[in-house]
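The values are calculated or read from the model by the stated rules, or taken from the named source; none is laboratory data. The shown structure was predicted, so the numbers you read here are calculated from the model rather than taken from an experiment. Positions of Cβ are backbone-derived with ideal geometry, glycine not excepted, and every protein chain shown enters the neighbour counts. The accessibility values were calculated without ligands, DNA or RNA, using every heavy atom of the protein model including side chains. Shrake-Rupley method; radii C 1.70, N 1.55, O 1.52, S 1.80 Å.
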Amino acid sequence: LSQGNRPIESALGDVTALDMSESNAPVVARLAPSPTGDLHLGHARSFLLAWWSCRRKHGRLLLRFEDLDSERAGQHWVSRTQEDLEWLGLDWDDCRLQSRGLPRITQAAMDLLAQGFAYPCVCSRGDIRSAASAPHGPTTLDVYPGTCRNKYRDLSDAEHRTGKQAGLRAVVSSRPVGLVDAVRGAYVERLDQTCGDFLILRRDKIPAYQLAVVVDDAADGVTEVVRGDDLLQSTPRQLWLFETLGLNPPAYYHVPLILNEAGKRLAKRDAAMSLRELRQLGVDPRAVVAWAARCSGISTPPRITAADALPQFDWSQLPPHPVRVTRSTLDDLLGIQT
Ligand code: GLU
């Protein structure tokens, strides 16, 4: 784990890379669920880590529902998520919907266009939307070939001339962009090779995840982001946006994923693992917290509350490998009833 604000240029060469690990500034953290389904054990583990990390430093914690994907997001899931987090024993200092701040995110996209850092794009590849706007897209991103670069003056010019809806793409260069992640260490990408000019505003004018999360983390004054390490590969795009928009990036803690029996990232569709189902089956939430604590390097009795595990939390004890949830994990949890 990296400690302190060390210059890292020597390790990484001539790249834009910031060491954003621990400093003495007041900590602001966030839980950022997408309200598109019930939470599972993977969410429980990463949200507990975010909570422990923040509360250990007496930080302020925001619960932000990332609800811009209006086809999938719903108020129903917002309430259910809040109930599940409360059941786990987590608390927060503020709660809001990302959609409330939509105008400022859209404005950031338009600013990038006005400054020449973005351009209109009418490409309609079916995979663009899921690959570029979903937080957990495919691991190998398609590199956008730059088809619409230097073609259109603005969105209406693009739409008028093509008869198609236009979105916006950020113009990336060959300059490496990277960070020193507090868990994973140095990580650098050349965006022109990994994703190319990436989407910041979808063709339906909904901001892409990459832009929304950056504008909001900055607006909320977030100083640390704890999330699954499948999002590490999104971080260089986000750092590019922070830098280009003149905003301060947070420190990042990308934590190893929780996998299902088949070794795949636990997904919302793994219904057997949802917190709601465990709760309905009578599982004691303190057993779930104890499981999450154990796979975060905290030794605990079979039941513990999030608050009681807090004094033992230490980032340096986090095991570096992914954790698999098996039938026997579930059987153990089911055996510890309220
Ligand atoms: N809302 C995103 C998700 O559900 C998390 C984004 C982030 O933590 O940056 O996966």
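Counting only the Cα atoms, the range 154-260 fills a convex hull of 134 Å³ per residue.
When only the Cβ of Lys, Arg, Asp and Glu is charged (+1, +1, -1, -1), the dipole of the range 178-258 relative to its Cα centre reaches about 200 debye.
Here the 3J(HN,Hα) profile of the range 294-310, calculated from phi with Karplus coefficients 6.51, -1.76 and 1.60 at θ = phi - 60°, is 4, 7, 10, x, 9, 8, 9, x, x, 10, 7, 8, 4, 5, 6, 7, 3 Hz, Gly and Pro shown as x.
Quick one, can you get me the convex hull of the C-alpha atoms of the range 32-85 expressed as volume per residue in Å³? List each step's numbers first, then the result.
Values: hull volume 3.9 nm³, N = 54.
Output value, Cα hull per residue: 72 Å³.
With all protein chains kept in place, the per residue accessible area of the chain amounts to 43 square angstrom at a probe of 1.4 angstrom.
Probe radius 1.4 Å, ligands and nucleic acids ignored: give me the carbon and sulfur share of the accessible area of the range 253-320 as a rounded percent. Write down the numbers at each step before the final one.
Working: 1530 of 3000 Å².
Summing carbon and sulfur atoms, their accessible area is 51 percent of the total for the range 253-320.
Enclosing the Cα atoms of the range 173-322 in their convex hull gives a volume equal to 161 cubic angstrom per residue. Left without a cysteine partner by the 4.7 Å Cβ rule in the chain: Cys54, Cys95, Cys123, Cys195, Cys295. In order along the range 212-217, phi translates into HN-Hα couplings of 4, 5, 5, 4, 6, 4 Hz, rounded to whole numbers, per the Karplus curve 6.51 cos²θ - 1.76 cosθ + 1.60 with θ = phi - 60° and x for Gly and Pro. Size of the chain from its Cα atoms: along the principal axes, largest to smallest, the extents are 64, 45, 36 Å.
Taking label positions 7 Å along the Cα-Cβ direction at both Ala219 and Asp111, the computed distance is 1.1 nm, reported to one decimal. Distance from the C-alpha centroid of the range 291-311 to that of the range 161-205: 38 Å, rounded to the whole angstrom.
Peptides 32-45, 240-253, 315-328 ranked from most to least packed, by the mean per-residue count of other Cβ atoms within 10 Å: 32-45, 240-253, 315-328.
Would you mind working out the magnitude of the charge dipole of the chain relative to its Cα centre, with +1 at each Lys and Arg C-beta and -1 at each Asp and Glu C-beta, to the nearest 20 Debye?
Working: 40 positive and 41 negative charges, 108 e Å.
Roughly 520 debye for the chain.
The H on the amide N of Ile336, modeled in the peptide plane, is under 5 Å from the matching H of Asp284, each at least 5 residues off or on a different chain.
For the chain, build the charge dipole from Cβ charges (+1 Lys, Arg; -1 Asp, Glu) around the Cα centre, then report which of Leu241, Ala293, Ala158 sits farthest towards its positive end. My answer, from the dipole projection, is Ala158.
Give me the number: length gained by fully extending Asp204 to Glu243, i.e. 0.36 nm times residue separation minus the C-alpha to C-alpha distance, one decimal in nm.
Values: separation 39, 0.36 × 39 = 14.04 nm, distance 2.58 nm.
Fully extending the segment from Asp204 to Glu243 adds 11.5 nm.
Under 5 Å between amide hydrogens, built in the peptide plane, is the criterion, and for Val255 it picks out Arg227, Gly228, Asp229 among residues at least 5 positions away or on other chains.
Proximity of backbone amide H atoms, modeled 1.01 Å from N, is registered between His40 and Leu275 at under 5 Å, excluding neighbours fewer than 5 places apart on the same chain.
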